[in-house]
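**Q** Take this structure first; my questions come after.
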Amino acid sequence: MKTSEIRREVIAGTIGFFTVAYIIAVNSMILAESGMPYRLAVMATILSSAFGCILMGFYAKSPIIVIPGMGINALFAYSFVGQMGMTWQTALVCVVISGLIMMSISFTRLSAVLLQSIPSSLKSGLTAGLGMFLIFIGLEKGGLIERGTQTLISFGDLTNVTVIASLISIFVTMVLFIRGVKGNLLLSLILGTLVSLWLCRSFFDTCHFI
């Protein structure tokens, strides 16, 4: 491998890591809402992500980042535990069983059969629906929307520093993405973090409008 290729791979890997490192905090926070100890959720997120990426790199030899899915963790915390009343331990058993089933399907011809049997419109609908669901969670975590009194949802407090930081981050991300700037997600994460630090009195304390 040429030196230029090694340098490109290292830069791409570094940018990729810092772009998806948010999953450690976000995934752990969602899992903790199910009652799972936060420290264990952090450790599980780090180990599963590291194992998936190492396996993808050394075994599959593909430059693909493997991290926990943001739709699945919400299903785990809010549906299995929140709505169905399972304990997080029981929900984890369901995850293990479903994982074994999906693994057995992936290593057989059944995966190709299932893929061909699903209409393309349904595939597009699932992708769009999952995207909208994740957007909804992001807006809720950023304080832009909240549970309404007269309606299902309502606008959050636009004077809150968390909401202001979220709006600035979203705006910057959209501008960088539309202009096709390389590393747009990483740049928006860095700027959003700096804005949050500037607007908050302390990084670990509750944010108040300054």
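The values are calculated or read from the model by the stated rules, or taken from the named source; none is laboratory data. Bear in mind the structure is a predicted one, so any value in this text is a computation, not a measurement. Note: ideal-geometry Cβ built from the backbone for every residue, glycine included; neighbour counts use all protein chains shown. Surface accessibility is based on the protein's heavy atoms, side chains included, excluding ligands, DNA and RNA. Shrake-Rupley method; radii C 1.70, N 1.55, O 1.52, S 1.80 Å.
**Q** Among Thr151, Ile105, Phe133, whose Cα projects farthest towards the positive end of the dipole of the stretch 80-210, with charges put on the beta-carbon of Lys, Arg (+1) and Asp, Glu (-1)?
**A** Ile105
**Q** For the pair Gln150/Leu126, report the inter-label distance in nm, with labels modelled 7 Å from Cα in the Cβ direction.
**A** Simple spin-label model gives 4.0 nm for this pair.
**Q** Describe numerically, in nm with one decimal, the distance between label points set 7 Å from Cα along Cα→Cβ at Leu197 and at Ser106.
**A** Output for this residue pair reads 3.7 nm.
**Q** Taking 0.36 nm per residue of separation and subtracting the Cα-Cα distance, what length does fully extending Ile168 through Ser79 add?
**A** Contour length minus Cα-Cα distance gives 28.9 nm.
**Q** With each run of n ≥ 4 DSSP H residues scored as -39500 (n - 2.57), what mean residue ellipticity at 222 nm is computed for the chain after dividing by its residue count and rounding to the nearest 500 deg cm²/dmol?
**A** Counting only the DSSP helices, I get -21500 deg cm²/dmol.
**Q** 5 Å is the cut-off here: which amide hydrogens, built 1.01 Å from N in the peptide plane, fall below it relative to Ile153, excluding neighbours closer than 5 in sequence?
**A** Excluding prolines and chain starts, which carry no amide H, the hits are Gly148.
**Q** Now a separate question. Pairs of alpha-carbon atoms within less than 8 angstrom and 6+ residues apart define the contacts here; what relative contact order does the stretch 46-122 have, in percent?
**A** Over the stretch 46-122, the number comes to 15 percent.
**Q** Ok, one more. Quick one: what are the phi-derived ³J(HN,Hα) couplings along the stretch 65-74, Karplus 6.51/-1.76/1.60 with θ = phi - 60°, whole Hz, x for glycine and proline?
**A** Ordered by residue, 3J(HN,Hα) equals 8, 10, 9, x, x, 6, x, 5, 5, 5 Hz.
**Q** Still on this model: Can you give me the solvent accessible area of Ile11 with a 1.4 Å probe, rounded to the nearest 10 Å²?
**A** Per-residue accessible area (Ile11): approximately 70 Å².
**Q** Among the helices of the chain (complete DSSP H runs), which have Cα atoms covering no less than 18 Å along the helix axis and a Kyte-Doolittle mean of at least 1.0?
**A** Result, helices passing both filters: 38-58, 88-106, 161-178, 184-199.
**Q** Pulled fully out, how much extra length does the chain show between Ile15 and Tyr38, if you take 0.36 nm times their separation in residues and subtract their Cα-Cα distance?
**A** 5.6 nm
**Q** [x] 0.93; [y] 0.99; [z] 0.95: which one is Rg/Rh (Cα atoms, Kirkwood Rh) as calculated from this entry?
**A** Correct label, based on the coordinates given: [y].
**Q** Want the number for Glu140 to Val96: 0.36 nm per residue separation, take away the alpha-carbon distance, what's left?
**A** Stretched fully, the Glu140-Val96 segment lengthens by 13.0 nm.
**Q** Further, regarding this structure: Show me the ranking of peptides 137-145, 96-104 by mean Cβ neighbours inside 10 Å, starting with the highest.
**A** 137-145, 96-104
**Q** Restricting to lysines 8 or more places apart or on different chains, can you count the pairs in the chain with Cα atoms under 28 Å from each other?
**A** For the chain, the number of qualifying lysine pairs is 6.
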